[in-house]
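What follows is calculated from the coordinates using simple rules that are stated; it is not laboratory data. No experiment lies behind these values; they were computed from the predicted model shown. Here the Cβ positions follow ideal geometry from the backbone for every residue, glycine too, while neighbour counts run over all protein chains shown.
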Ligand code: XIL
């Protein structure tokens, strides 16, 4: 059964039983219809679900059994960083990384490699280096480590955290940055040469909110890399959230905008400080944002149990210290089971043609094409506003957008478009006036949904002529 068929069965089951698709009620579905674990539920839409793993997890059979049951992508929390891999110059120590990688591969998991080049957790000998010697040492490190693990890594964080926080949009000042602005692309080229199969990612934090200067700065770098053919395949969003740095409302806009550059996007180190329902809702928001973006191919949480977290005081994970599933776990599982746009990763390697890969369903060049993106508007107790942005991928003479609502939602108002209703809960929106748009131009329409307790975002799509 394909994921699509399974989703429509879930939808049919929901329609038959009248179970609301909001929040965390999907657990009431028969286990056979829905993924019973995080990675099974994520696989319904072609995505992976991962966790960080520290070496000490191997001493705790409860943790490894949760890890084995729930996750199918593993990131070494510290064991593959520069200080662990090359404690003395030219002297590599593979043992700590190997314990994690071997456990993962022996248990049928894939591995995210973390991280080849970073200003932090450098071995002492590297911390005191500068200039051309450091540049060479960094490139040697990238080459040696990526070569050693060649063929075993799904995605590498080639460069981690190279941009400054705050409003400057500048690179972070570090010994690596002081070797010259081109250190990042040099690291990517070395990684591609060493392991052409792995996806090569830039990974950072505080890049979730589209309006932030740091997000924009990373976006400009990735755009520049794609334009100049620097080998980059993916952008990792660490996603460490707390009350001072909450999940932004525009997260899916950020993910979509990066994806539109022709890279996969991945949530790489998710944890959210908090507890109870409010924590569960924030996790739900992150999963929803990823499910809305075709090239968001997977989510990794930064550890299994709260007590194992680097921020254990914030209880930021999906399992409590006793290994019990938290409310946030159920919110994530149910959201994954609710479907989402099927993931469509690009291929790594020099042959990647950029924005998506031409799949069977993709239009060729010159075929009129548009993309519809949903954004949240204002929310009230009984209703919420939705805004759909239509972007012309080519020159188009008109567009038609389809908005699919979920039971028991209905639309009470619309603006900037003329709607028709071919089926219950299906709204087809056409331009109110002339619908022609030049390639890259956008327009938008809006509507109000009476949600009846179901906050699930409408699914939107677009057709152009
Ligand atoms: C953290 C680990 O979780 C800690 O155990 C370690 O002491 C410090 O690093 N961004 C990253 C991760 O990319 O490597 C960091 O991991 C968390 C922030």
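What to note about this one:
- Per residue, the chain reaches -8500 deg cm²/dmol at 222 nm when only DSSP H runs of four or more residues are counted, each adding -39500 (n - 2.57).
- Length gained when the stretch residue 425-residue 380 is fully extended (0.36 nm per residue, less Cα-Cα span): 14.2 nm
- Note on residue 415 and residue 147: with the Förster distance fixed at 51 Å, the Cβ-Cβ geometry gives a FRET efficiency of about 0.35.
- Share antiparallel - DSSP beta bridges, the chain, percent rounded to 5: 55
- Residue 387 versus residue 140: modelled label distance in nm, points set 7 Å from Cα along the beta carbon direction: 5.3
- Taking a ≥ b ≥ c as the square roots of the eigenvalues of the Cα gyration tensor, an a/c ratio of 1.5 or more together with a/b no larger than b/c marks the stretch 77-223 as oblate.
- Cα gyration tensor shape for the stretch 153-218, rounded if a/c is under 1.5, else prolate or oblate: oblate
- Judged by the gyration tensor of its Cα atoms, with axes a ≥ b ≥ c, the stretch 90-159 is prolate; a/c meets the 1.5 cut and a/b is the larger of a/b and b/c.
- Rounded to the nearest 10 degrees, the angle from helix 183-194 to the longest Cα principal axis of the chain is 90 degrees.
- For the stretch 221-291: relative contact order, % (alpha-carbon pairs under 8 angstrom, 6 or more apart): 39
- The stretch 209-238 residues near the modelled residue 174 label - backbone nitrogen below 19 Å, point 7 Å along Cα→Cβ: 213-223, 225, 231-238
- Percentage relative contact order, the chain, counting C-alpha pairs under 8 Å, at least six apart: 14
- In degrees, nearest ten, helix 327-337 long axis to first principal axis of the chain (Cα): 70
- Relative to the longest principal axis of the Cα atoms of the chain, helix 95-106 runs at roughly 40 degrees.
- Computed over the stretch 193-235: relative contact order in percent, which uses C-alpha pairs under 8 Å that are six or more apart: 50
- Nitroxide proxy distance, nm - points 7 Å out along Cα→Cβ at residue 58 and residue 404: 4.5
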